[in-house]
1. I'd like to check something: does the range 111-118 contain any residue that is at pLDDT 90 or above, not in a helix (DSSP H, G or I) and not hydrophobic (A, V, I, L, M, F, W, C)?
2. Of all residues in the range 78-107 being in a loop (DSSP other than H, G, I, E, B) and closer than 16 Å to L118 by Cα, which is most open to solvent (accessible area, probe 1.4 Å)?
3. Within the range 38-74, take every residue that is at pLDDT 85 or above and either in contact with a strand residue (DSSP E or B) (Cβ under 6 Å, 6 or more places away or on another chain) or of a type in the set (S, T, N, Q) (or both) and give me the one that is surrounded by the fewest Cβ atoms within 10 Å (Cβ to Cβ).
Amino acid sequence: MAYLGFSELGGPAMARAAVTRPVAEPTPAPRAASLSALEWQVVALAQKDRIATLRSPGRLAMAMGALFGERHNPRLADPQLEALRRMAVLSWHHGYTVAPHEVRRFLAAGYSADQYELMVDSINAGRTARGANTGLVIAEVAAAA
């Protein structure tokens with residue numbers, strides 16, 4: 001057992017200072033990144049959207065819409081959910097190779113880098129599984145022929 005002689009270090013005043021020193025508040029542990037159920041639905045629905053849904057319709061598309069009726073507009077009214085849909089569409093089509101300005105736009109909409117990473121990792125797992133399933137079906141068809 002060790003003994004520390006406070007009298008050698010400055011006496012009782014030093015001991016009181018050590019005991020009454022303010023203790024720093026513990027920093028809260030960072031929350032794990034997550035998306036709400038609604039946000040995950042937006043990500044899932046974006047799987048079927050084409051890249052063309054990210055652009056505003058041109059003159060020709062507007063004229064065709066006037067002639068044959070309007071097409072379904074996949075854009076969402078909530079700007080934050082639309083930013084999520086936009087990033088999800090890009091990620092479903094391009095995986096991790098999304099343009100940096102698109103990532104900045106996503107982060108500016110209020111999402112965190114951890115949420116972006118979670119979404120893209122999930123989409124990549126879905127893309128891999130979908131590709132594996134497609135490859136299996138093709139292999140079975142080729143083996144049957």
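1. Yes: the range 111-118 contains one or more residues that are at pLDDT 90 or above, not in a helix (DSSP H, G or I) and not hydrophobic (A, V, I, L, M, F, W, C).
2. The selected residue is Y96.
3. Among those that are at pLDDT 85 or above and either in contact with a strand residue (DSSP E or B) (Cβ under 6 Å, 6 or more places away or on another chain) or of a type in the set (S, T, N, Q) (or both), it is Q41.
The values are calculated or read from the model by the stated rules, or taken from the named source; none is laboratory data. Predicted model, so just to flag it, every value in this text is computed and none were measured. Neighbour counts are summed over all protein chains in view; Cβ atoms, including those assigned to glycine, are modelled from backbone coordinates with ideal geometry. Each accessible area value is taken on the protein alone, full model and side chains, heavy atoms only, with ligands, DNA and RNA left out. Shrake-Rupley method; radii C 1.70, N 1.55, O 1.52, S 1.80 Å.
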